[in-house]
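Asker: The following block contains the structure, expressed as C-alpha cells.
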Amino acid sequence: MKSYLAAAVQMTSVSDVDKNLAQAEDLIQLAVNRGAELVCLPENFSFLGDESEKTRLSTEIAEKSEKFLITIAQRYQILLLGGGFPVPVTDSYNGNQGKMYNTALLIGREGEELARYRKMHLFDVNLPDGNTYQESATVLAGTESPPVYFSEKYGNLGLSVCYDVRFPELYRHLSQQGANVLFVPAAFTAFTGKDHWQVLLQARAIENTSYVIAPAQVGMHTPRRQSHGHAMIVDPWGIVLADAGDRIGVAIAEIQPSRLDQIRRQMPSLQHRTFSCS
C-alpha cells in the first residue's frame, strides 16, 4: 500500500439519470485534477427521486450506471466506486417481482469489476419529522456479506452502503477479513444526519482502526427528500481529514499507510478482541 489521495464526492442527485451522470463526471474530473486516484460516488448517484419511477426505469438506470462507471474509470485511470444504484432482481419468486438490489460497484482503472455489494440493511424508518421511509417496498436486501477488495497499492477496501453504518458488526466483519479502508457511500437524511452522521463515521473508523471514505448526497432532491451532506474522509484515529460541507463538491484527503500502521501499533484493539458474535 502506498500513500495516495482519495475523494468522497458530494452530489445532489435528482430523477434525471443523464443530468446526474453529467454532474458526477464533473465532480470526478475535479477530484482527478486535484490528484485523486480513488474516487467514490454516493448512494443513489444516478437517480434519486420517486421510488415508483425508479422501479419503472430500473433496467435503464442500472445499464447506464454500470456503463458510466466503466467508461469513467478507464477515461481517468482511477479506481471508482459507484456507491449505490438499482439493479433489477432477476428472481421474481417469493414476492420479488419488480424489486431491485441497491448495489455498490467498485471498478478498476481498466474498467474491470473489482467488487460488488448488495446493500443488506434496508432503511424502513418512521422519523420524528414526519417522513417515512420504506426502502424494502422496492428493494430486496442482499444476503451475501460485504466484500473486501485487496490491493497492494490502495489497501484493503471494504464495501458498505448508507444505513449499514448503524450496524457495527458489519464493519467488524470487514476488519476481520483484513479491511483497512472502509467505504460508506450514503444518502443520509437531513434529520438523522445532523445528529448521527459524523459520530457514526468516526465510531466505525476508531473501533476498526481504519480509514473511512464516505461520499454523500446533499440538499433537496424532491419537495420531501433532503439529504444531510458532509461527505467525509476520516482517519483511523477518528480525525475528520476532509468534509465537503453542505454544498455540491468533493472531500479529498491522503490515505497514508504509515499513519494506519502507527495507530494500529499504538492502539492494537483489533488484536485484543475476546468476544465474538459469530
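Asker: Could you go through the stretch 236-242 in sequence order and give the Karplus-derived ³J(HN,Hα) for each residue, using 6.51 cos²θ - 1.76 cosθ + 1.60 with θ = phi - 60°, rounded to whole Hz, and x for Gly and Pro?
Answerer: x, 8, x, 7, 6, 7, 8
Asker: For a quick check of understanding: with a 1.4 angstrom probe and all protein chains in place, what accessible area in square angstrom does Tyr149 have, to the nearest ten?
Answerer: My reading of the accessible area for Tyr149 is about 70 Å².
Asker: Taking 7 Å along the Cα-to-C-beta vector as the label spot, tell me the Thr90-Gln74 distance in nanometres, rounded to one decimal.
Answerer: 2.2
Asker: Follow-up question, since we're still on this one. Compute the convex hull volume of the Cα atoms of the stretch 1-140, divide it by the residue count, and report the result per residue in Å³ as a whole number.
Answerer: Working: hull volume 18.4 nm³, N = 140.
In the stretch 1-140, the Cα convex hull volume per residue is 131 Å³.
Asker: Which whole-number value in Å² is the accessible area per residue of the chain, probe 1.4 Å?
Answerer: For the chain, the solvent-accessible area averages 43 Å² per residue.
Asker: Give the percent of DSSP beta bridges with both residues in the stretch 1-151 that are antiparallel, rounded to the nearest 5.
Answerer: That works out to approximately 60 percent antiparallel.
Asker: With each label point set 7 Å from Cα along the Cα-Cβ vector, what nm distance links Glu63 and Trp237?
Answerer: 5.1
Asker: For His196 and Glu152, FRET efficiency with R0 = 35 Å and r from the beta-carbon atoms, rounded to 0.05?
Answerer: 0.50
Asker: Using r as the Cβ-Cβ distance of Thr274 and Glu169, and R0 as 25 Å, what FRET efficiency do you calculate, to the nearest 0.05?
Answerer: 0.95
Asker: Share of Cα-Cα pairs in the stretch 172-278 beyond 25 Å, in percent?
Answerer: 26
Asker: Per the helix-only calculation at 222 nm, which mean residue ellipticity applies to the chain, given -39500 (n - 2.57) for every DSSP H run of n ≥ 4 and division by its residues, nearest 500 deg cm²/dmol?
Answerer: Here the helix-only value at 222 nm equals -9000 deg cm²/dmol.
Asker: Now for a different question. What nm value, rounded to one decimal, do you get for the distance between Gln176 and Thr222 when each label is placed 7 Å out toward the C-beta?
Answerer: 3.8
Asker: Continuing with this model, one more query. Among the listed pairs Lys64/Lys194; Lys19/Lys119; Lys19/Lys99; Lys19/Lys194; Lys19/Lys54; Lys2/Lys64, which have their C-alpha atoms separated by more than 21 angstrom in this model?
Answerer: Lys64/Lys194; Lys19/Lys119; Lys19/Lys99; Lys19/Lys194; Lys2/Lys64
Asker: How high is the relative contact order of the stretch 1-66, in percent, counting Cα pairs under 8 Å that sit 6 or more residues apart?
Answerer: 41
Asker: First compute the accessible area of the chain with a 1.4 Å probe, then give the percent of it belonging to carbon and sulfur atoms. Intermediate results must be reported in sequence, preceding the final value.
Answerer: Working: 5830 of 12060 Å².
Solvent-exposed carbon and sulfur of the chain make up 48 percent of the total.
Asker: Given a 10 angstrom Cα cut-off, can you work out which residue in Phe47, Phe85, Phe123 is the most mobile in a GNM of the chain?
Answerer: Top of the fluctuation ranking is Phe123.
The values are calculated or read from the model by the stated rules, or taken from the named source; none is laboratory data. Note that the coordinates shown come from a computational prediction; the quantities given were computed from them, not determined experimentally. Counting neighbours? That spans all protein chains shown, and the Cβs are built from the backbone with ideal geometry, glycine included. These area figures cover heavy atoms from the full protein model, side chains too; ligands, DNA and RNA do not enter into them. Shrake-Rupley method; radii C 1.70, N 1.55, O 1.52, S 1.80 Å.
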